[in-house]
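So the structure is just underneath, and the comments pick up after that.
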Amino acid sequence: MAEPQIGLVRTIGRWSLAALMVNTMVGASIFGLPALIAARLGSLSPLGFFVAFAVIAVIAASMAEVASQFQETGGPYLYARVAFGRFLAIQNGWLTWLTRIAAVSAVANLFITYLAEFFPAATTAFMRVAILTVLIGFLAAVNYCGVGGGKQLSNIFTVSKVSLLAFFVIAGLVALAFHPDIRVHPASTPATCADWFEALLLMIYSYGGFEAALIASGETRNARKDIPFALFVAIGATTLLYIAVQYLVIHTIPNAGASAAPVMDSARGFLPHWAVRIVGAGTLISAYGYLSANVLHTPRVTFAMGERGDFPAFFGSIHPRFRTPYVSILIFAALLLIFSIAGDFRWNALLSSVARLFV
């Protein structure tokens with residue numbers, strides 16, 4: 001009789017891994033960053049994403065080469081442990097964990113802000129705590145009960161957010177083609193080196209998170225073949241989406257750089273009111289999808305550290321039935337809830353940025 005399997009389940013295929021990367025990269029920021037980039041580069045802003053892609057592609061190629069050498073869970077923490085030793089790996093693991101906790105808590109607060117557009121009572125103290133508890137608790141429960149459920153949830157959110165953005169892009173391009181009177185010609189103001197530097201930083205920030213999906217390598221079916229494929233599919237698809245959204249924003253909004261909600265303002269120029277509301281709902285889907293991706297992969301950092309004695313051993317526990325790192329999932333979810341309730345978007349975003357600099 002065969003021995004029962006007691007390790008993690010290798011159920012994440014190459015397309016699900018690519019979807020997990022896209023889900024982590026395409027968060028709520030895509031609904032705000034186009035204005036910041038347009039303010040710095042104007043009509044050249046879509047071109048800027050080709051430059052950002054070239055930079056990210058070099059990093060991704062190096063990451064793909066390194067990641068393909070490992071079959072275990074841990075991602076960048078594990079790579080640092082092998083390359084630089086235990087001391088730097090522990091620092092990397094701790095700070096990665098803190099970065100993801102703070103970043104996800106910031107987006108959870110952003111979700112409440114966007115939800116208030118549809119449900120104003122969401123920002124009251126009691127409702128805010130209740131909504132955050134339900135949102136985070138649901139994701140924790142799904143991932144506690146199996147990586148398959150977490151993977152499917154991430155896939156659903158990825159397809160939903162990309163479909164909504166694709167709807168926005170296609171509708172916008174069709175409107176520009178058949179109604180040229182709505183086209184705005186952005187001013188071609190010369191961009192300085194400082195403008196390009198700031199814009200590229202913002203664009204590179206918009207790609208942040210693809211490496212986090214590699215933390216779950218121990219549950220991918222074939223890390224050596226699937227990781228390079230997933231990396232370049234995810235980054236390529238995300239780049240095309242960013243370029244299309246940026247192009248529409250600068251060609252449908254006068255003075256796009258001054259817009260507080262560029263995607264929504266752009267949609268109002270060529271979509272009926274009900275469709276604009278759907279695009280607005282896409283902000284909520286993108287934000288919650290980002291949360292779902294992080295609840296899937298981030299607990300694997302402390303699981304990997306617990307397995308190797310770099311964290312308390314109970315973090316490395318695997319549920320005997322569901323075969324998930326359930327202790328790491330529950331503790332991550334609890335900390336998310338605490339940081340989300342205790343801090344606001346700005347506080348958590350700053351904490352995440354500082355921790356990420358050290359990583």
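For region 43-59, the criterion of a residue being hydrophobic (A, V, I, L, M, F, W, C) and either within 30 Å of GLY306 (Cα to Cα) or in contact with a Lys or Arg (Cβ under 8 Å, 6 or more places away or on another chain) (or both) is satisfied by at least one position. Of ALA171, ALA194, ALA177, ALA187, all but one fail to be modelled with pLDDT of 85 or more, among the hydrophobic types (A, V, I, L, M, F, W, C) and under 29 Å from VAL55 (Cβ atoms); the exception is ALA194. Write out, first by first residue and then by second, each pair whose Cβ atoms fall under 7 Å of each other, whose residues are 6+ apart or on separate chains, and whose first residue, in region 92-112, is in contact (Cβ under 8 Å) with a residue 12 or more places away in the chain and more than 23 Å from LEU284 (Cβ to Cβ) while the second is part of a helix (DSSP H, G or I) and of a type in the set (Lys, Arg). Once the first residue is in contact (Cβ under 8 Å) with a residue 12 or more places away in the chain and more than 23 Å from LEU284 (Cβ to Cβ) and sits in region 92-112, its partners that are part of a helix (DSSP H, G or I) and of a type in the set (Lys, Arg) give THR99/ARG356.
Looking at the structure I just gave you, is TRP15 surrounded by fewer than 18 Cβ atoms within 10 Å (Cβ to Cβ) and closer than 26 Å to ALA287 by Cβ?
Values: surrounded by fewer than 18 Cβ atoms within 10 Å (Cβ to Cβ): yes; closer than 26 Å to ALA287 by Cβ: yes.
Yes.
Here is the figure for region 312-333: residues that are touching a residue at least 60 places away in the same chain (Cβ under 8 Å), part of a helix (DSSP H, G or I) and not hydrophobic (A, V, I, L, M, F, W, C) total 1.
Consider region 262-311 and keep the residues that are in a helix (DSSP H, G or I) and of a type in the set (Asp, Glu). The one that is modelled with the lowest pLDDT is ASP265.
Could you say which residue among SER62, SER43, SER105 is under 30 Å from SER266 (Cβ atoms), open to solvent by 20 Å² or more (accessible area, probe 1.4 Å) and among the small types (Gly, Ala, Ser)? I'd like the intermediate steps shown before the answer.
Details: SER62 fails: under 30 Å from SER266 (Cβ atoms); SER105 fails: open to solvent by 20 Å² or more (accessible area, probe 1.4 Å).
Only one candidate qualifies: SER43.
Scanning region 108-130 for residues that are touching a helix residue (DSSP H, G or I) at 6+ places or on another chain (Cβ under 9 Å) and open to solvent by 70 Å² or more (accessible area, probe 1.4 Å) yields THR113, GLU117, PHE118, PHE119, THR123.
Just the residues that are open to solvent by 10 Å² or more (accessible area, probe 1.4 Å) and under 23 Å from ILE204 (Cα atoms), please, taken from region 257-282. GLY257, ALA258, SER259, ALA260, ALA261, MET264 - these are the residues of region 257-282 that are open to solvent by 10 Å² or more (accessible area, probe 1.4 Å) and under 23 Å from ILE204 (Cα atoms). Applying the criterion of being of a type outside the set (Phe, Trp, Tyr) and touching a Leu at 6+ places or on another chain (Cβ under 8 Å) to the residues of region 177-201, the residue that is surrounded by the fewest Cβ atoms within 10 Å (Cβ to Cβ) is SER188. GLY309 meets the conditions (1) under 30 Å from GLY85 (Cα atoms); (2) open to solvent by less than 40 Å² (accessible area, probe 1.4 Å) in every case but one. The failed one is (2).
All conditions in (1) at pLDDT 90 or above; (2) in contact with a Lys or Arg (Cβ under 9 Å, 6 or more places away or on another chain) hold for GLY74, with the sole exception of (1).
Residue check: is GLY148 at negative phi and at pLDDT below 90? Judged against the criteria, GLY148 is a match.
Answer yes or no: is there a residue in region 143-157 that is farther than 21 Å from HIS297 by Cα and in a helix (DSSP H, G or I).
Residues of region 143-157 farther than 21 Å from HIS297 by Cα: none.
No, every residue in region 143-157 fails to be farther than 21 Å from HIS297 by Cα and in a helix (DSSP H, G or I).
Specify which of the listed residues (SER29, SER62, SER45, SER16) is touching a residue at least 24 places away in the same chain (Cβ under 8 Å), over 30 Å from PRO186 (Cα atoms) and within 22 Å of the chain's Cα centre (by Cα).
Values: SER29 fails: over 30 Å from PRO186 (Cα atoms); SER62 fails: touching a residue at least 24 places away in the same chain (Cβ under 8 Å); SER45 fails: over 30 Å from PRO186 (Cα atoms).
Sole residue among the options that is touching a residue at least 24 places away in the same chain (Cβ under 8 Å), over 30 Å from PRO186 (Cα atoms) and within 22 Å of the chain's Cα centre (by Cα): SER16.
I want to confirm something. Restricting to region 68-95 and keeping residues that are assigned to a helix (DSSP H, G or I), open to solvent by less than 20 Å² (accessible area, probe 1.4 Å) and in contact with an Asp or Glu (Cβ under 9 Å, 6 or more places away or on another chain), which single residue is nearest to LEU350 (Cα to Cα)? It comes out as GLY93. In region 110-138, of all residues being in contact with a Ser or Thr (Cβ under 6 Å, 6 or more places away or on another chain) and modelled with pLDDT under 95, the one that is farthest from PHE157 (Cα to Cα) corresponds to ALA116.
Table: residues versus (1) part of a helix (DSSP H, G or I); (2) surrounded by 21 or more Cβ atoms within 10 Å (Cβ to Cβ); (3) on the phi < 0 side of the Ramachandran plot; (4) not acidic (Asp, Glu).
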| site | (1), (2), (3), (4) |
| --- | --- |
| LEU164 | yes, no, yes, yes |
| PHE167 | yes, no, yes, yes |
| LEU173 | yes, no, yes, yes |
| PHE210 | no, yes, yes, yes |
| ALA213 | yes, yes, yes, yes |
| ALA234 | yes, yes, yes, yes |
| LEU248 | yes, yes, yes, yes |
| HIS251 | yes, no, yes, yes |
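The values are calculated or read from the model by the stated rules, or taken from the named source; none is laboratory data. Please read these numbers as outputs of a predicted model, since none were measured by experiment. Glycine also receives a Cβ, built like all others from the backbone with ideal geometry; neighbour counts cover every protein chain displayed. Side chains are part of the model used for accessible areas, which takes the heavy atoms of the whole protein and leaves out ligands, DNA and RNA. Shrake-Rupley method; radii C 1.70, N 1.55, O 1.52, S 1.80 Å.
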